[in-house]
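S.K.: After the structure tokens below, expect a handful of questions from me.
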Number of protein chains: 2
Amino acid sequence: MAESPRRSAALRAGTVYLVGAGPGDPGLLTLRGAEVLAAATVVYHDYLVTDPILRRAAHARLVDVGKVGHGPQTTQDAIERALVQEARAGECVVRLKGGDPFVFGRGTEEALALADAGVPFEIVPGVSSAFAVPAAAGIPVTARGIASSVAVMTGHSVAGPPPAAPVADTVVVLMGVANAAAVRDRLLQSGMKPATPAAVIQRGTCPDERVVTCRLDELPEVVIREGLTAPSILVVGEAVRLRERLALRVAARDGVRVAAGVHD
Amino acid sequence: MAESPRRSAALRAGTVYLVGAGPGDPGLLTLRGAEVLAAATVVYHDYLVTDPILRRAAHARLVDVGKVGHGPQTTQDAIERALVQEARAGECVVRLKGGDPFVFGRGTEEALALADAGVPFEIVPGVSSAFAVPAAAGIPVTARGIASSVAVMTGHSVAGPPPAAPVADTVVVLMGVANAAAVRDRLLQSGMKPATPAAVIQRGTCPDERVVTCRLDELPEVVIREGLTAPSILVVGEAVRLRERLALRVAARDGVRVAAGVHD
């Protein structure tokens, strides 16, 4: 049980730090993420990263390479080339992504590009939106006797031909609202029942979060009727019902809350 | 894009904070988690939580309610009753769990018990071991063109009758080594090929981490031959192959590392 901690590694020039910023709430950044941002000289960030987190990079040049919807502002190739060039120029480079860098979001491609170019890098995992955004909305993705497995996919993957949707008790779909009809169809094909409880969570963990629940087969209509837009996460499975027991207490007593706040 | 942060919520006596400690590396605790631990008067923690993280609870009474293997040291009912009693006695209570409190680990049951008892609580999500432990071993759970979905289950769930194993490009199994043979059988039944790459990661993100790779059908034999024990995580899927491109660089240049260190 007792163990010596690893030494805190000093930041090195010429290195790229692939950092997960978490789901949006600035309290959900990791300690190592905060340390790396404070020492960075340049930060390449996505549009999902919130301002309180960017402000931690007090000494860095900020480069917004955010992708809005399907239209990349900066191509993936250009991002990968820029990271390599900045590191070779001696910068202390942070690549800052919403959620976790290796859970969708193309962090894997960037890590491989850095490895292939011989540029040293460090992965700093983040709190994944796939789990924390439902949690903040009062929906645990697993629950004994209700959900003993959880799968995560994106709405983009259903736009093309199969792979089929994953099969699990709870399915979380990142970037799902634009393709809500295709997501519903794939989940029904993979065996989920039309009446399975579902939720759409827009801007989860942020002050303007919205949560709408419905049945799986109603998802596309609800997205349109409620005007739900990206960034949103879909959650499908019996665990969605737990929100009634957990999150209704928010209104009743302000007693359930997810981590929030600016921490200095 | 611009948004005002939520105010940092002061900690309240009589409240339970369900906090995810992350996978082990103390740098992967969240800022809110660190803030909550610093203010806690009592901390109920699992055996997986590492000492550098516990030391952040400088003013708290520490209660070890860890479960080792299948034998609970403290029953789940007793833990839930204690959390309610401590809160009612006016303590500032932290329930500290490895990984994320709502990704297995029975945090959901504790939240429901608190809600039903009318005790105010806050969920502080953590970095899930399911994603961060593979990342630290050079295995991204998703990768464009290789893995467009990931599922998480536990080794305990295969011990009983079905539910069947989840289906996804990458499957992560928490608490899997004790039931490695059953896990392998379920994953083969659910359609994975015997030659699918697999990895066993023992004490991931910690200084004494061990990583062993093999084929899915060899998993139980490898666990025995290598003497791999809990806490360990199994990862199965083509994405495991990426470790060769990402993590072999560790030895070559000490250039790939996961977040680590004590951060004060």
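The values are calculated or read from the model by the stated rules, or taken from the named source; none is laboratory data. This one's a predicted model, so the numbers in the text were calculated from it and none came from an experiment. Note: ideal-geometry Cβ built from the backbone for every residue, glycine included; neighbour counts use all protein chains shown. These area figures cover heavy atoms from the full protein model, side chains too; ligands, DNA and RNA do not enter into them. Shrake-Rupley method; radii C 1.70, N 1.55, O 1.52, S 1.80 Å.
Here is a yes/no grid of residues against (1) touching an Asp or Glu at 6+ places or on another chain (Cβ under 6 Å); (2) closer than 11 Å to residue A:18 by Cα; (3) buried (at least 18 other Cβ atoms within 10 Å of the Cβ):
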site: A:56; (1), (2), (3): no, no, yes
site: A:60; (1), (2), (3): no, no, yes
site: A:64; (1), (2), (3): no, no, no
site: A:77; (1), (2), (3): no, no, no
site: A:90; (1), (2), (3): no, no, no
site: A:93; (1), (2), (3): yes, yes, yes
site: A:103; (1), (2), (3): no, no, yes
site: A:115; (1), (2), (3): no, no, yes
site: A:132; (1), (2), (3): no, no, yes
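S.K.: Of all residues being within 13 Å of chain B (Cβ to nearest Cβ) and open to solvent by 40 Å² or more (accessible area, probe 1.4 Å) in the range A:163-189, which is nearest to residue B:147 (Cα to Cα)? Just the residue, please.
M.R.: By that ranking, first place goes to A:163.
S.K.: Please determine whether any residue of the range A:146-159 is part of a loop (DSSP other than H, G, I, E, B), more than 23 Å from residue A:20 (Cα to Cα) and under 20 Å from the mean Cα position of the chain (by Cα).
M.R.: yes
S.K.: Based on this model, can you work out whether residue A:130 counts as free of Cβ contacts under 8 Å to residues at least 40 places away in the same chain and more than 7 Å from chain B (Cβ to nearest Cβ)? Steps first, answer last, please.
M.R.: Numbers: free of Cβ contacts under 8 Å to residues at least 40 places away in the same chain: no; more than 7 Å from chain B (Cβ to nearest Cβ): yes.
No: the conditions fail for residue A:130.
S.K.: With the condition kept exactly as written, say whether any residue in the range A:86-107 is in a helix (DSSP H, G or I) and within 9 Å of another protein chain (Cβ to nearest Cβ).
M.R.: The answer is yes; a qualifying residue exists.
S.K.: Now for a different question. Specify which of the listed residues (A:226, A:238) is over 30 Å from residue B:117 (Cα atoms), among the charged types (D, E, K, R), out of contact with any helix residue (DSSP H, G or I) (no Cβ under 7 Å at 6 or more places or on another chain) and modelled with pLDDT of 95 or more.
M.R.: A:226
S.K.: For the range B:100-116, how many residues are modelled with pLDDT of 95 or more and among the small types (Gly, Ala, Ser)?
M.R.: Going through the range B:100-116 one residue at a time, the tally reaches 2.
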